[in-house]
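Structure record follows, encoded as structure tokens.
Values quoted throughout were computed directly from the atomic coordinates according to the rules given, and no laboratory measurement underlies them. Computed from a predicted model, the values in this text were never measured in an experiment. For neighbour counting, all protein chains shown are included, and Cβ atoms are generated from backbone atoms with ideal geometry for every residue, glycine included.
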Amino acid sequence: MYRASLARVGRPIAFSLIRSARYVQPRISAVRLQSTQTPPLTSSRKSDVQTDWNVRIITYDQLKPKTQSPSPSAFLIDVREPDEVIQGMIPSAVNLPLSVLSESLQTSAEDFKQKHGFPKPQKNQEITFYCRSGKRSATASDIAKRNGYTVICNYEGSWLEWVSKEGKN
């Protein structure tokens, strides 16, 4: 008997909730952004993040002579991981993976040379970063800037452009 009376009382409440949900749902869906739209704040945040400094972009034509006659006062650093470097490297480049770059730039010159096999760049020496496509080298440029390096270049074309221009696999 108690169950029957509870069912009679509960039925109108359940129906009213269903009816109200029908009116609420269209309002919520009108507010949703389509998944292909970029939220309005994202584009303004991106521009805010990228305005603090501009890395000097270097092209293939500017880099090629530097690889033919390397200078001890300039570094060409490949920030790809060792398993990617197996494919090949730009002549005169040294490998310093992005995964260890920040930590390595903060170590002493002796520890750096012992770990990586080449001298640690000085803060005022020219450093050119490259990777596979130019994205990680841009990140490496930011890391170097945060660690006090001042003469930083990014070879934006990176390994993919180098291989296509040199005609290698």
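Only Lys, Arg, Asp and Glu carry charge here, each on its Cβ (+1 for the first two, -1 for the last two); on that basis segment 110-163 has a dipole of about 180 debye about its Cα centre. A straight chain from residue 160 to residue 118 at 0.36 nm per residue would run longer than the Cα-Cα distance by 12.6 nm. For the listed residue pairs 120/145; 64/113; 120/165; 66/120; 64/165, the alpha carbons are over 21 angstrom apart in 64/113; 120/165. Taking other Cβ atoms within 10 Å as a rough exposure proxy, 75, 129, 112, 118 sort from fewest to most as 118, 112, 75, 129. Shape analysis of segment 130-169 yields a ratio of the Cα radius of gyration to the Kirkwood radius, Rg/Rh, of 1.10. With a simple spin-label model that places each label point 7 Å from the Cα along the Cα-to-Cβ direction, the separation between residue 71 and residue 94 comes to 1.7 nm. Each 5 Å bin, from zero up to the one with the longest distance, holds this percent of the alpha carbon pairs of segment 56-166: 2, 13, 25, 28, 20, 9, 2, 0.
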